[in-house]
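The structure under discussion appears below in the form of structure tokens.
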Amino acid sequence: MMNILVIGSGGREHALAWQCAKDDHVKNVYVAPGNAGTALEPKCQNIVLASSQDNANEHSAVIEFCQNNAIDMVIVGPEAPLVTGIVDACRDAGIKVWGPTAYCAQLEGSKTFAKEFMAQNNIPTAAYQGFTDAAAAKAYIDEQGAPIVIKADGLAAGKGVIVAETVEQAYDAIDDMLADNKFGDAGSRVVIEQFLQGEEASFICMIDGENILPMATSQDHKRAFEGDTGPNTGGMGAYSPAPVVTQEVHNKVMTQVIQPVVDAMKASGHPYTGFLYAGLMIDQAGDPYVIEFNCRFGDPETQPILMRLQSSMVDLVAQGLAGQLPSNAKWDTRPALGIVVASKGYPETSSKGDVIAGLPELDASHANAVKVFHAGTAFSDSSAVDNKQEVVTNGGRVLCVTALADNISDAQQAALAVTGAISFDGAQYRRDIGHHAIARENA
Ligand code: AMP
Ligand code: GLY
């Protein structure tokens, strides 16, 4: 029997832990630090390791926990510990860990690294230039005109990107990032990019250094409000598969984007291992351009994708760790769609401690076609006192209500029905997740 440690606390980690717990060979799934959803999941339990503010401490706490609890595999969810080298540290200690090394994680951790890597390896992406000086950045904006895209260089949780419709807006973004330092150190350098037109898709793979296993395709809705308007968020909902990724587009992504990453990383002496996420813009001609690389599974894409996964996640990771990834996994042919329920103020702020009512009963049989994955949730203080496990909000993205159905429209309706029954003060969600695919279904 196996013991697994999942690092992270979001909806992605709840979905990963839930998938691992399904496997009959798994005894315990520990989640550090997890959320109320992972605490309630059968076979799963949350653990507290060192504060993630201190990297070296966090890495050594993970290693110590693995050694003391006979952990057979560690799956790292979020980018931050990957960028600071948790995979390198665990490997050095002889622990089996699924994720990219710090070197490879630069694909997400540094936009400049990613852009230079793409240029060197002929991976299609938007033209760009990096700046640390506000005046030079503005001169470049004058030259290029609008729309134009301004990005903070470091990690900013999906929020350090401004798609400026006008030169004025672009100037404001530069002032925010370079002069006012709104995004902290992540913004002390900016990347200015050509605006790409088309439809977005998320293309996520497992890679073992050499072999590539593409996950089912997906599409995320990054904007806060319906009609894809409002500020960028970490993602307000996602569905799988993404019809924009036809077989022809799929082939282009594999040969023009994913294979070059694997080949170049291998040639550099840093073979890519773990999940790799290419955020793509697919243009009218069906040609893919990389908007960004992430060195991890997507959130909320993981939730609908793993809802459809019929292979064992644990087997796939074990095969990946052995350098023997298969080229295909088994997927439910039905699509899945997840709606994120966010807390008051998201994405600018978030709220904590609001009691969540209407959560459906947990179904241990895994047979349900709707699953509520938790993200920013916790138990209220009164839970400990009277043991009634009152679930409260604990962050920006609170839940992801995910449904499987015969088509995307039905999956959206099924997810909306459960979402509508859930309530907490300030809850906000979009009713139009999947609209691109639904328009295609109705065409
Ligand atoms: P990123 O954090 O780089 O994925 O950017 C967040 C979102 O901003 C993306 O999902 C796109 O919707 C949008 N975006 C980023 N870069 C571009 C670009 N060059 N052209 C058009 N939209 C972009
Ligand atoms: N859903 C976007 C991301 O995971 O970055």
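Throughout, read-outs are computed from the coordinates displayed, never taken from laboratory work. These numbers come from a predicted model, not from an experiment. When we count neighbours, we look across all protein chains shown, and the Cβ atoms used for this are built from the backbone with ideal geometry, even at glycine.
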query = In whole Hz, what ³J(HN,Hα) sequence does the stretch 108-116 give by Karplus (6.51, -1.76, 1.60; θ = phi - 60°), x for Gly and Pro?
reply = 9, x, 9, 4, 5, 4, 4, 5, 5
ask   = Per residue and in cubic angstrom, what volume does the convex hull of the Cα atoms of the chain have?
value = 140
remark   = Summing -39500 (n - 2.57) over every DSSP H run of at least 4 in the chain, dividing by its residue total and rounding to the nearest 500, the 222 nm mean residue ellipticity is -9000 deg cm²/dmol
task = Tell me the label-point distance for the pair residue 45, residue 248, using the 7 Å Cα-to-Cβ offset, in nm and rounded to one decimal.
result = 5.5
inquiry  = Please compute the length gained on full extension between residue 357 and residue 168, using 0.36 nm multiplied by the number of residues separating them and subtracting their Cα-Cα distance.
reply    = 63.7 nm
message = Just want the ordering: 64, 248, from fewest to most Cβ atoms lying within 10 Å of their own Cβ.
response = 248, 64
ask   = Given labels modelled 7 Å from the Cα in the Cβ direction, how far is it in nm from residue 96 to residue 417?
value = 4.1
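Assuming R0 = 30 Å, can you tell me the calculated FRET efficiency for the pair residue 331 and residue 27, based on Cβ-Cβ distance, to the nearest 0.05?
Details: r = 26 Å, r/R0 = 0.88.
Efficiency, rounded to the nearest 0.05: 0.70.
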Cα-Cα over 26 Å, subset of 96/330; 330/371; 115/352 = 115/352
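I'd like the FRET efficiency for residue 175 and residue 121, computed as 1/(1 + (r/R0)^6) with the beta carbon distance as r and R0 of 60 Å, rounded to 0.05.
0.95
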request  = Hey, could you grab the Kirkwood Rh for the stretch 398-443? Inverse mean 1/r over distinct alpha carbon pairs, Å, one decimal.
outcome  = 11.4
remark   = Ranked output for segments 14-26, 224-236 by mean other Cβ atoms within 10 Å, highest leading, reads 14-26, 224-236
ask   = Semi-axes of the stretch 30-93's equivalent ellipsoid from the Cα gyration tensor, sqrt of 5 times each eigenvalue, largest first, rounded to whole Å?
value = 20, 14, 10
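Could you give the length gained by full extension between residue 194 and residue 267, i.e. 0.36 nm per residue of separation minus their alpha carbon distance, to one decimal place?
Working: separation 73, 0.36 × 73 = 26.28 nm, distance 2.93 nm.
Length gained between residue 194 and residue 267: 23.3 nm.
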key: Estimated D of the stretch 368-441 in µm² per second, where Rh is the Kirkwood radius over Cα pairs and Stokes-Einstein applies at 25 °C, 0.890 mPa s   = 177
